[in-house]
Amino acid sequence: MSIDWMNFTPYASLAGGVLIGIATAMFALFNGRIAGISGIVGGLLRPRNGDIGWRVAFVAGLIAAPLLYRVFGDLPEIRIDTGWVTLAAAGLIVGVGTRYGSGCTSGHGVCGLARLTPRSLVATLSFMAAGFATVFVVRHLLGA
């Protein structure tokens, strides 16, 4: 394993992490909600009165941010090394996992850990362990 020094961006990554932390803290303080993407999008699938506007605004912001970024600079090249069937299957598995785990990586990993919830610690460790195991199996055992 080697580090791609040309694309190593510790300061930009740190700044992005700080911005995510500030944004989720402000969201919790001003809206009283956790900024977990699966919960926000899930609430759009089963909407309640008075609960739709902020969810639509949040998702619209997620979509608008890279479009706005594109005005000021080039977006990185997106390279997907698999087919649409695999992507769809992976998306469904992730969706089932977020429902089963009562949240996604953003909800547990960013917001839950910041609130020191034991459930989020276990969930985040599980996400990370599953990711490590998947990469190990795919890269080293299957040789892909």
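Let me check something: with ligands and nucleic acids excluded, how do Asp51, Asp4 order by accessible area (1.4 Å probe), largest to smallest? Write down the numbers at each step before the final one.
Details: Asp51 15, Asp4 85 Å².
The residues order as Asp4, Asp51, largest area first.
For the stretch 66-144, the equivalent ellipsoid derived from the Cα gyration tensor has semi-axes of 25, 22, 13 Å, listed largest first. The rule of thumb for compact globular proteins, 2.2 N^0.38 Å, goes into the C-alpha radius of gyration of the stretch 13-63 1.20 times.
In the chain, the portion of solvent-accessible area held by carbon and sulfur atoms comes to 70 percent [1.4 Å probe, whole percent, DNA, RNA and ligands not counted].
As a ratio to 2.2 N^0.38 Å, the alpha-carbon radius of gyration computed for the stretch 32-105 takes the value 1.34. What is the distance in Å between the Cα centroid of the stretch 1-60 and that of the stretch 77-140? The distance from the Cα centre of the stretch 1-60 to that of the stretch 77-140 comes to 15 Å. If you model the stretch 5-141 as an ellipsoid using its alpha carbon gyration tensor, with each semi-axis the square root of five times an eigenvalue, the axes come out at 25, 22, 18 Å, biggest first.
Rolling a 1.4 angstrom probe over the protein heavy atoms, how many square angstrom per residue are accessible across the stretch 5-141? Don't skip to the end; give the middle numbers.
On the way: 10730 Å² over 137 residues.
Roughly 78 Å² per residue, with all protein chains present.
The values are calculated or read from the model by the stated rules, or taken from the named source; none is laboratory data. Worth saying up front: this structure is predicted, and the values here are computed from it rather than measured. SASA here: full protein model, heavy atoms, side chains in, ligands and nucleic acids out. Shrake-Rupley method; radii C 1.70, N 1.55, O 1.52, S 1.80 Å.
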